[in-house]
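Notes to accompany the following structure.
The values are calculated or read from the model by the stated rules, or taken from the named source; none is laboratory data. Note that the coordinates shown come from a computational prediction; the quantities given were computed from them, not determined experimentally. Virtual Cβ from ideal backbone geometry, glycine too; neighbours counted across all protein chains shown. Accessible surface areas use protein heavy atoms only, side chains included; no ligands, DNA or RNA. Shrake-Rupley method; radii C 1.70, N 1.55, O 1.52, S 1.80 Å.
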Amino acid sequence: MWVKKLYFLFSCCLLVMGCQQSVKETKVDNLGKIVDLRTGQTFTPGQWVDNVVSQQHILIGEKHDNFSHHQAHYWLIEQLHQKRKQGALLLEMLRVDQQPLVDLVANNFAKNRSDLTAKLNWQSSWKWDFYRDIVQHPLEHHYALVATNLTQGEVTQILQGAEPLKGYISTEKKVKQQLADIIIHSHQCECNASDPHIQKMVEVQQFRDRRMAEKLLKSHTPNILIAGNHHINRQYGVPKHLADLSHNQKFITVLLADKNHNYTQADSDYVWILSE
């Protein structure tokens, strides 16, 4: 009987270990290629990182459920850390009301590194296995980890009716139409852009992008913002708000995709092509 129990416990341990993926476990040869959408030039990740190491603001996208995207993020963060002193890592995955928790953990990370999901009030909608090592990197290496997302209370207030977002470039009709089309497509709803519910969702998206832009400009440099591809897109995301907040602000954008992408230079400076 005790042999069966031991076997059962061993099997459970293997199962748990198997579920704990680490984005650190990758080789640069498995990280695809990066294409400059302005020139068509293709780089290996190693070549590319040397070209962008002097950039003060790097905005990089992701598909949230694609593990290889998180591997690419970690590789980039670690490579830049080795080549320069990092100022900040900004994450869509942290709401601004979690910033005090982040700061408490950062003040004594050696003591607080256990049970980080509880200490950071990490939201289960963001898969911790995908983000654990990325979140820990700035905490381990003593540079700023910055929350950028709206609080739930702010989202509720916007949906109930908030003062319109002020801007010129970011609030153009074309920008709002593109966001509405994306929301309609992603929710697969039978409605149009003028639907009041869709318009409210567009407002929330725009307030999110504005918050990310504000945090990026206020954070120590050089810095990196990680967010979903839609937030990073130059046609309707954070870059539009950066243009409103700080004219001629220099930054680069990187969208992560597979070989079947249809991004152009209007969408991003670079596309990082990874397999699923």
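For Lys259, give me every one of the aspartates and glutamates with a C-alpha distance below 18 angstrom, ignoring sequence neighbours fewer than eight places off in its own chain.
Cα-Cα hits under 18 Å: Asp29, Asp36, Glu62, Asp65, Asp267, Asp269, Glu276.
If you take every residue apart from Ala180 with its C-beta less than 12 Å away from the C-beta of Ala180, what net charge results, scoring Lys and Arg +1 and Asp and Glu -1?
Result for the local shell: +1.
What number, in percent, do you get for the relative contact order of the chain if the mean sequence gap of Cα pairs under 8 Å and at least 6 apart is divided by its residue count?
Relative contact order for the chain comes out at 31 percent.
Go ahead and estimate [θ] at 222 nm for the chain from helices alone: -39,500 (n - 2.57) per DSSP H run with n ≥ 4, summed, over the residue count, rounded to 500. Write down the numbers at each step before the final one.
Working: 12 runs with 134 residues, N = 276.
Calculated from helices alone, the mean residue ellipticity at 222 nm is -15000 deg cm²/dmol.
Rounded to the nearest whole Å², what accessible area per residue is found for segment 111-205 with the 1.4 Å probe?
Value returned for segment 111-205: 57 Å² of accessible area per residue.
Most mobile of Asp115, Asp65, Asp129 per a Gaussian network model of the chain (Cα springs, under 10 Å)?
Of Asp115, Asp65, Asp129, the most mobile in the Gaussian network model is Asp115.
Any of Lys83/Lys127; Lys27/Lys119; Lys85/Lys127; Lys83/Lys111; Lys173/Lys240; Lys215/Lys240 with alpha carbons more than 20 Å apart? Name them for me.
Pairs exceeding 20 Å: Lys83/Lys127; Lys27/Lys119; Lys85/Lys127; Lys83/Lys111.
Beta carbons within 10 angstrom, averaged per residue: use that to sort the peptides 243-250, 230-237, highest first.
230-237, 243-250
Check which residues have an amide H placed less than 5 Å from Val146's amide H, if you skip close sequence neighbours.
When sequence neighbours closer than 5 places are left aside, the close amide H contacts are Leu89, Leu90, Leu91.
Sequence gap at least 6, Cα distance under 8 Å: using those rules, report the relative contact order of segment 38-123 to the nearest whole percent.
Across segment 38-123, relative contact order equals 20 percent.
Over the chain, with every protein chain in place, what whole percent of the accessible area is carbon and sulfur at 1.4 Å, could you tell me? All intermediate terms of the calculation are to be shown ahead of the outcome.
Details: 7630 of 14600 Å².
Using a 1.4 Å probe with all protein chains present, the chain comes out at 52 percent carbon and sulfur.
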